[in-house]
There are 4 protein chains.
Amino acid sequence: MFLSDNTAPACPEVLNYLQQYVQNSVDHPYGGDQLTSKLNDIVSNIFEREVMVFPVLSGTASNCLALAAMCPSTGAVITHRNSHLSVDENTAPHFFTGGAALHQIGGGADTISPEELSRFCAKRPWRDVHSAVPRVLTITQATELGRIYSTEHLQELGAIARHYDMRVFIDGARFANALIQQNVSPSAAVMPSGASAMTLGAIKNGTFGAEALVLFEPELFPVVRQKAKQTGHLASKMRYLSAQLHAYFKDGLWLNNARAANSAAKQLSGLLNANPHCELAIESDTNQIFVRMPDALHQHLQDAGFDIYPWHVEDQACFRLVTNWATSNDHIDAFANALRSY
Amino acid sequence: MFLSDNTAPACPEVLNYLQQYVQNSVDHPYGGDQLTSKLNDIVSNIFEREVMVFPVLSGTASNCLALAAMCPSTGAVITHRNSHLSVDENTAPHFFTGGAALHQIGGGADTISPEELSRFCAKRPWRDVHSAVPRVLTITQATELGRIYSTEHLQELGAIARHYDMRVFIDGARFANALIQQNVSPSAAVMPSGASAMTLGAIKNGTFGAEALVLFEPELFPVVRQKAKQTGHLASKMRYLSAQLHAYFKDGLWLNNARAANSAAKQLSGLLNANPHCELAIESDTNQIFVRMPDALHQHLQDAGFDIYPWHVEDQACFRLVTNWATSNDHIDAFANALRSY
Amino acid sequence: MFLSDNTAPACPEVLNYLQQYVQNSVDHPYGGDQLTSKLNDIVSNIFEREVMVFPVLSGTASNCLALAAMCPSTGAVITHRNSHLSVDENTAPHFFTGGAALHQIGGGADTISPEELSRFCAKRPWRDVHSAVPRVLTITQATELGRIYSTEHLQELGAIARHYDMRVFIDGARFANALIQQNVSPSAAVMPSGASAMTLGAIKNGTFGAEALVLFEPELFPVVRQKAKQTGHLASKMRYLSAQLHAYFKDGLWLNNARAANSAAKQLSGLLNANPHCELAIESDTNQIFVRMPDALHQHLQDAGFDIYPWHVEDQACFRLVTNWATSNDHIDAFANALRSY
Amino acid sequence: MFLSDNTAPACPEVLNYLQQYVQNSVDHPYGGDQLTSKLNDIVSNIFEREVMVFPVLSGTASNCLALAAMCPSTGAVITHRNSHLSVDENTAPHFFTGGAALHQIGGGADTISPEELSRFCAKRPWRDVHSAVPRVLTITQATELGRIYSTEHLQELGAIARHYDMRVFIDGARFANALIQQNVSPSAAVMPSGASAMTLGAIKNGTFGAEALVLFEPELFPVVRQKAKQTGHLASKMRYLSAQLHAYFKDGLWLNNARAANSAAKQLSGLLNANPHCELAIESDTNQIFVRMPDALHQHLQDAGFDIYPWHVEDQACFRLVTNWATSNDHIDAFANALRSY
């Protein structure tokens, strides 16, 4: 139940939207439909600028299609050594880009500091063609540990990227959760980085099979579309992916869902923090909680029906709990009872 | 309306199934859920043998994941020169396999004869490593022109493939339509070919975003799964793809839908055949119709709201009409009226 | 002995040049040396324009590095269905380009006519992203059957390529042999096609491990260099490849060698044509001969020490004899004797 | 002059061998010749077991063809974070393998300890398909810093690799230099690791365009050969690469050359160590020297004609000097004079 935000169901608004609006739709395939074409306006409104949107089945595909459009096959992508791209995408970044390298940096557990980025870019002896030259910087917002890059931080990273002729890509698998915590507009949250593209994660937060790849550089769109066809990601009935995203952005559903998840995490985190057997491993800002507890307590919670992953924050063993839009007060209460009964 | 089976909506049973069964589902991600694991049994029953099923977003991905699991990157795939793989998958077969070649053969417009397959395999001087050695034979059932390989035909092709150490793959994007027309069991329709895997197309016939990749060689499954992760096709909430397939196979929905589409095609074909301005370009057995007509009549039908693609059967210009599960008597009547009013 | 021009030894001028000039050379690796940098001038003089040259180990690498620099991974290359790229490069074109498709056309046995190229480009329904859009046209000069595209022919093909926004690439594995027969300048022979790059084959004609990839579009050079590093084709001691090419172009060695091979072929062809058991399968213009003869005669020649490949010109079985720069009058006389003694 | 072992000329024995033995050779192309087939025996004798040898143009190709034959496209290669594969091969490892990942580890500056290898393999939560599972361990002997893995060290690494079902690959770009210093047989030096394949570097040590890829698992040979064709590394006149290797192994030339280079390095290292302005950054065992010196001294030496690369040993700035088989007493004396005159 707290295993992953991927265990959450699709939210009712999304399924209802599919039922009501799409059931009898007859429209053009491969994104030539009206729902898909309207997505651009919806997301352009959200970011207060012209953007292009490409609906994609999975986070992996969404991230890697963006990289494939932004990085030549002989180039490299700078990413945090603990990022999803580094540790959880199998070999997808190499495969989609046709061979590009990942330069994995990061002194801290989940963020890249401007200093280390500068140092890495400046010091590396990019001797001719022998090293793979970095062409893209990826930033995960919120980070893998649920924390947030400040606007100033993004601005500094973006300036360094520009200086070294790199594009910026934001992996926003949990961007909505970050936004709620930051309490700024989507545009204010992202644009200081000078990002060319971002994944706007939706599957963890309410849809069931649609992520939005948002292109701030519209000229990337035809490349993404070609690459999507090549990789089997040009859905013939794309309007059913787009429909999920329509419902997702309608009436602020995406933000409400993230707010619910963050709020549940705060309650859960409070419970754990107050428990004498538990100690938070880090302070997360969003919907993930990293906590140290005795193995016996973990077993006790598992037995009570709470599936929880063992995790690592750096070399430190701990456990990860993740809340989602559907985490209810009942879930929290049940968990509190289980904790108490240990 | 007769543009493509991809214009059809998802069928109500599929959306209802999602609503009823999945809305409140909390289950493991990445195919570790109960709906996905039950799929193997459902499809094993259909084919009367143990199979493994992998739910995939698109036909391109489904075909190409199979090829990637069956063909080494330095090998080749034999396919008909007019097959979907040859002309409609962009560069996906090369990309998924990491470079494999396509040997495009076919004296006839849509089928490969045993004689030409034998001749091609025997005569080619597979001089050492210079030619890409064929490792997979692909067969499209029903064909791109809506016709059907007989059981005997498949058996002969399969025997040749085995003789030359090739696996067989069936692209069954419209397999259900073929089955209805053949009036045999799925197993009798496919197994004579000795196929290792097939795509069981569903998107054109009722689902909106789920195809079934069926593996008759279960040892291919882990390779497909790895490759699916690498290509962004391992859906985190795979149960929503599996649910579509559950609904699709329930109570024979897939066969009923195909029957409806074929039957509508027969009516349509009869209308066109009876019309003095029209002449069928070929006799199709399933839900596609290829017809020659004056451009003025095509324009007249377009104006009446019937979107119809210009097409080619070999070098011969014609038009293609496609029916689907949702084609109703009303549609047919409206079309008959439009024809009459020319 | 007449098996292939690849059986010929390196010519003495090439080995002597290595001995004299390079033995004690200490110079920069990876092409930063003086011999490599002077190559640009040498070949620029030959083509009477600024070109860049990249020395490569093999014909496959030379052809495919060019394609990789000219064709996006989601594009396609048009090539003759019997060209070396189509039948003798295994899967290299797909691999180097990261997935690009080959569109194999050609009504004639070895050349592409302007009419069929136009028809192919015009008629194909390049429906959006579904087909791989042609971005490069490749032309083999001399052709696989030893014949020659006229200047006018190249000009027409080039104009069509430009019209459809394709670059032109010349596979010049036997370009020197073509040049001798055409009796025009290298520039006059190539530039009417508007080629962006060509392979200037040397290995079959005197060097032992160096081909020249000639770039008429200098901006392709850094892409080729990156791709060469990625594919293991950036030789650390590149000056030893460049040295072979220096010797090859010095004092017209490349043309003299080709002249000798063509002249030997004419003698051989005359012998065969005069023999009552033999019939030329086609009239070749350069150093390849395609001849029909009884299998018994073929066996007789083999027994006499003349290795000769069975071949096909289209579906017609025949034998291929290839001469090279080292084919001597003694060889020809010995062959004449062997023929007579049948 | 001390810039890199790649600045050294080909050694006279290699060029003479080409002149004498190969000039008039007429033989089969693509490795079907006698020189190539005899290589297997020569190297089998060296390693006292049956091996297969594949001659390759470059170190990059030799390393990466081996990886491509040993690692699936969805797998990973463990390598030291400072290894040539990690920092100097551009994106070649990803490209040749069709996407495999590099897991870069290493607490020390140039070697991987058994403890950290075990820890890495054991701790990583190889969660299903999400991480790229390591399938190959690469070891560089001598290391990038010119040091040597002991036999016991290799044995321990090999045992861990077997335990985790990984193959072992040895990058032996400077293997001969290691062997001289270790004073053991080639077999004793390598086989404790259980290696499946190794690169036996020759270009830095006497040849000019031929490395030997040695396969201790002969069943890898056909895969390497296919992959070599796909990547343009199947030389048509392969006998000219093989000839270089014949000369290289004849009468112990490879060991004599390495001995000369190591011995020159010891003299140079002694000179530097004795100099009050210089301090060795590490103790190297072979033909590379890493030394700290004032920039003014570096400039002084450059002005005296000694090209020397600035380098890093970890974060510590220093300079690298490399000797080779051709480094003479005169070179050393001249350098001693230059040092003295500062």
Along the charge dipole of the range C:254-340, pointing to its positive end and built from +1/-1 on Cβ of Lys, Arg, Asp and Glu, which listed residue (C:Leu255, C:Ile282, C:Thr327) has its Cα farthest out? C:Leu255
Explain nothing, just the number: dipole magnitude of chain B about its Cα centre with +1 on each Lys and Arg Cβ and -1 on each Asp and Glu Cβ, in debye rounded to the nearest 20. 660
Take the rotation relating chain A to chain C, measure from its axis to every Cβ in chain A, and name the nearest residue with the distance in whole Å. A:Gly98, 2
Nearest 100 Å² is fine: what is the total accessible surface buried where chains C and A meet, probe 1.4 Å? 1300
The rounded separation in angstrom of the Cα centers of the range D:39-109 and the range C:47-63 is 28
Using the Kyte-Doolittle scale, which helices in chain A average at least -0.5 and also have C-alpha atoms spread 27 Å or more along the helix axis, with helices defined as whole DSSP H runs? A:253-274
Once the label point is set 7 Å along the Cα-to-beta-carbon vector, what list of distances in nm do you get between C:Asn16 and its counterparts in the other copies? 2.0, 9.1, 9.1
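Using the heavy atoms of the protein chains and a 1.4 angstrom probe, tell me the accessible area per residue for chain A in square angstrom.
33
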Options A:Ser150, A:Gly99, A:Ile139, ranked by Cα towards positive dipole end of the range A:77-225, top entry (Cβ charges): A:Gly99
With only alpha-carbon atoms in the gyration tensor, what are the semi-axes of the equivalent ellipsoid for the range C:258-342, in Å, largest first? 18, 16, 11
I'd like the carbon and sulfur percentage of the solvent accessible area for chain A, probe radius 1.4 Å, heavy atoms only, ligands and nucleic acids excluded. 48
Taking all pairs of distinct alpha-carbon atoms in the protein assembly as shown, Kirkwood radius in angstrom: 33.6
To one decimal in nm, how far is D:Glu314 from the same spot in the other copies, if labels go 7 Å from Cα toward Cβ? Please give the shortest first. 1.7, 7.3, 7.5
Spelling out what I want: for every residue of the range A:315-322, take phi, set θ = phi - 60°, compute 6.51 cos²θ - 1.76 cosθ + 1.60 (Karplus), and round to whole Hz; glycine and proline get x. 8, 8, 5, 7, 10, 10, 10, 10
Rounded to whole Å and sorted largest first, list the principal axis extents of the Cα atoms in the range D:107-207. 46, 25, 24
What number do you get for the range C:206-298 when its Cα radius of gyration is normalised by 2.2 N^0.38 Å, N = residues? 1.61
Calculated from backbone phi, Karplus (6.51, -1.76, 1.60) coupling profile of the range B:18-28 in Hz, x at Gly/Pro: 4, 4, 6, 9, 9, 3, 9, 6, 10, 8, 5
Projected onto the charge dipole of the range B:178-270 (unit charges on the beta-carbon of Lys, Arg, Asp and Glu, signs +1, +1, -1, -1), the Cα from B:Ile180, B:Gly194, B:Tyr240 with the largest positive-side position is that of B:Tyr240
Across the range C:7-153, what fraction of all alpha-carbon pairs, as a whole percent, falls in each successive 5 Å bin from zero upward? 2, 8, 13, 15, 17, 15, 12, 8, 5, 3, 2, 0
Over chain C, with a Gaussian network built from C-alpha contacts below 10 Å, which listed residue (C:Ala122, C:Ala161, C:Ala258) shows the highest mean-square fluctuation? C:Ala122
Return the Rg/Rh ratio of the range C:10-252 with Cα-based radii and a Kirkwood Rh. 0.97
Using the crude model of +1 on Lys and Arg Cβ and -1 on Asp and Glu Cβ, and no other charge, please compute the dipole size for the range D:186-342 relative to its Cα centre, in debye to 20. 740
For B:Arg81 and B:Ser44, what is the calculated FRET efficiency with R₀ set at 51 Å and r taken between the beta-carbons, to the nearest 0.05? 0.90
Applied in sequence order to the range A:71-76, the curve 6.51 cos²θ - 1.76 cosθ + 1.60 (Karplus, θ = phi - 60°) yields integer Hz couplings, x standing for Gly and Pro, of 10, x, 5, 9, x, 9
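Which shape class applies to the range D:122-276: rounded if a/c is under 1.5, otherwise prolate when a/b exceeds b/c and oblate if not, where a ≥ b ≥ c are the square roots of the Cα gyration tensor eigenvalues? Please list the in-between numbers first.
Numbers: a/c = 2.12, a/b = 1.21, b/c = 1.75.
In terms of gyration-tensor shape, oblate.
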Taking amide H atoms as placed 1.01 Å from N in the peptide plane, list the residues 5 or more away in sequence, or in a different chain, whose amide H sits under 5 Å from that of B:Thr140. B:Asp171
Percent antiparallel among DSSP beta bridges (both partners in the protein assembly as shown, rounded to 5): 55
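Sum -39500 (n - 2.57) across every DSSP H segment of at least 4 residues in the protein assembly as shown, then divide by the residue count to get the 222 nm mean residue ellipticity, nearest 500.
That calculation yields -12000 deg cm²/dmol at 222 nm.
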Given H placed 1.01 Å from N in the peptide plane, which residues other than close sequence neighbours of C:Val313 have an amide H under 5 Å from its amide H? C:Cys318
Net dipole in debye of the range A:254-340 [+1 Lys, Arg Cβ; -1 Asp, Glu Cβ; about Cα centre; nearest 20]: 240
Pairwise label distance in nanometres, D:Leu280 with B:Ser263, each label 7 Å out on the Cα-Cβ vector: 9.0
Can you check what the Kirkwood hydrodynamic radius comes to for the range B:1-83, Cα pairs only, in Å to one decimal? 16.3
Quick one: which residues, 5 or more positions from D:Ala76 or on another chain, have an amide H under 5 Å from its amide H? H modelled 1.01 Å from N in the peptide plane, none for Pro or chain starts. D:Ala101, D:Val133, D:Arg135, D:Val136
Along Cα-to-Cβ, 7 Å out, sits the label point; list in nm, shortest first, how far the one on A:Ser118 is from those in the other copies. 4.3, 6.2, 7.6
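The values are calculated or read from the model by the stated rules, or taken from the named source; none is laboratory data. In this text, all values refer to a predicted model and were calculated from it rather than measured experimentally. Reconstructed Cβ throughout: ideal geometry from the backbone, glycine too, with neighbour counts over all protein chains shown. Heavy atoms of the whole protein, side chains included, go into the accessibility calculation; ligands, DNA and RNA do not. Shrake-Rupley method; radii C 1.70, N 1.55, O 1.52, S 1.80 Å.
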